[in-house]
1. With θ set to phi - 60° and the Karplus curve 6.51 cos²θ - 1.76 cosθ + 1.60, what are the ³J(HN,Hα) couplings of the range 181-191 in order, to the nearest whole Hz, using x for Gly and Pro?
2. Provide the net charge surrounding SER160, with neighbours chosen by a C-beta distance below 14 Å and charges set as Lys +1, Arg +1, Asp -1, Glu -1.
3. Longer than 27 Å from Cα to Cα, which of LYS31/LYS174; LYS56/LYS232; LYS136/LYS287; LYS39/LYS136; LYS57/LYS287; LYS136/LYS174 are they? Say none if no pair is.
4. Mind ranking 266-272, 242-248 by how tightly packed they are, going by the mean number of other C-beta atoms within 10 angstrom, highest first?
5. For the peptides 40-48, 122-130, 26-34, what is the packing order when you average, over each peptide's residues, the other Cβ atoms within 10 Å and list the highest mean first?
6. If you line up the Cα atoms of the range 112-229 on their principal axes, what length do they span on each, largest first, in Å?
7. Using only the Cα atoms of the range 117-168, what do you get for the radius of gyration and for Dmax, in Å?
8. Scaled to the compact-protein estimate 2.2 N^0.38 Å, what is the alpha-carbon radius of gyration of the range 73-117, rounded to two decimal places?
Amino acid sequence: MEPEPYFPTPSPSLTRWWSKETVAVVTGGNKGIGFEVVKQLAELGLNVVLTARDTKKGEAALEALRAQGHAANVHFLLLDVCDPLSISTFASSFQALFGATLDILVNNAGVSFNELDENSVEHAETVMKTNFYGPKMLIEALYPLFRCSPSITRILNVSSRLGSINKMRNADMKAVLERENLLEEEIEEMANMFLRDVKNRTWESKGWPSYWTEYAVSKLALNAYSRVLAKKYSCNNGSSNLSVNCFCPGFTQTSMTKGKGVHTADHVASVVASLVLLPPHQLPTGKFFSIGSNKKKNSTTLINVSSKL
């Protein structure tokens with residue numbers, strides 16, 4: 001399916017559905033895109049929980065935001081998405097502070113150890129834990145803490161077009177991922193299969209994505225899981241008001257790209273804020289968004305891609 005232009009409300013304040021009681025969690029919020037997302041959501045009046053896996057870095061980010069006038073509505077909680085115990089502790093701490101009031105989860109934390117022109121799989125296990133298993137475990141831990149209200153609660157997984165199904169060269173696995181009734185267990189089996197191929201040093205001949213392989217597979221798994229989750233908690237089936245989408249920030253100037261890129265973290269964060277603050281009647285689920293150029297309007301817009309991530 002060809003990408004379709006999608007134009008969210010240019011100014012979320014024009015259709016403000018949130019209040020100072022609205023709570024958002026942003027993982028990896030101590031730097032880069034995550035820090036800017038925390039800042040912009042705080043500026044819009046939300047209660048924002050910044051997470052980081054390093055206490056000193058998290059506290060430094062919190063102090064920087066408080067110095068900019070966000071003392072009352074920005075909070076820091078320690079979270080290492082690679083560590084199940086850390087996730088459990090975070091969920092307990094969140095519940096103690098806020099109760100079951102989570103409205104927005106932005107899974108932004110992610111890693112890649114490759115230079116732009118490299119393709120090592122030396123850190124495949126860490127990359128898979130951080131980029132796929134971590135967000136999955138966090139969603140499972142926080143799901144009981146999402147607010148029960150008429151407003152739609154939201155999960156936005158920061159992902160990548162490198163994790164698109166068309167990057168998979170293994171025809172059998174590609175066919176599994178394209179199935180409408182794809183199961184979580186099948187996604188986990190794919191992830192485990194990749195790690196086995198890495199361990200056995202056979203990954204290059206097994207049809208995995210050819211560029212930034214470990215990162216691409218982790219995002220492929222995250223995209224697939226997001227699609228399964230969106231279907232499970234579809235806003236249209238009357239049983240849940242949870243929206244699950246993915247977003248690719250593109251080539252952005254962050255530490256992962258060594259400061260190279262065509263987008264700034266600040267600009268990308270504004271897109272993230274627009275997405276997670278879409279009014280309920282405009283909010284889809286099971287979609288993949290990315291930044292694209294709108295030449296006719298000489299501006300930047302969002303591209304709404306097929307749910308077949």
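Coordinate-derived values only; no laboratory data. Note that this is a predicted model, so its numbers are computed, not measured. Virtual Cβ from ideal backbone geometry, glycine too; neighbours counted across all protein chains shown.
1. 9, 4, 10, 4, 4, 6, 5, 5, 5, 4, 4
2. Charge balance in the 14 Å sphere: +2.
3. From the list (LYS31/LYS174; LYS56/LYS232; LYS136/LYS287; LYS39/LYS136; LYS57/LYS287; LYS136/LYS174), the Cα-Cα distance tops 27 Å for LYS31/LYS174; LYS56/LYS232; LYS57/LYS287.
4. Values: 266-272: 20.4, 242-248: 24.6.
Result, highest mean Cβ count within 10 Å first: 242-248, 266-272.
5. Answer by packing, highest mean first, reads 26-34, 40-48, 122-130.
6. Result, largest extent first: 49, 30, 22 Å.
7. Rg then Dmax for the range 117-168, in Å: 15.2, 47.
8. Normalised by 2.2 N^0.38 Å, the Cα Rg of the range 73-117 equals 1.47.
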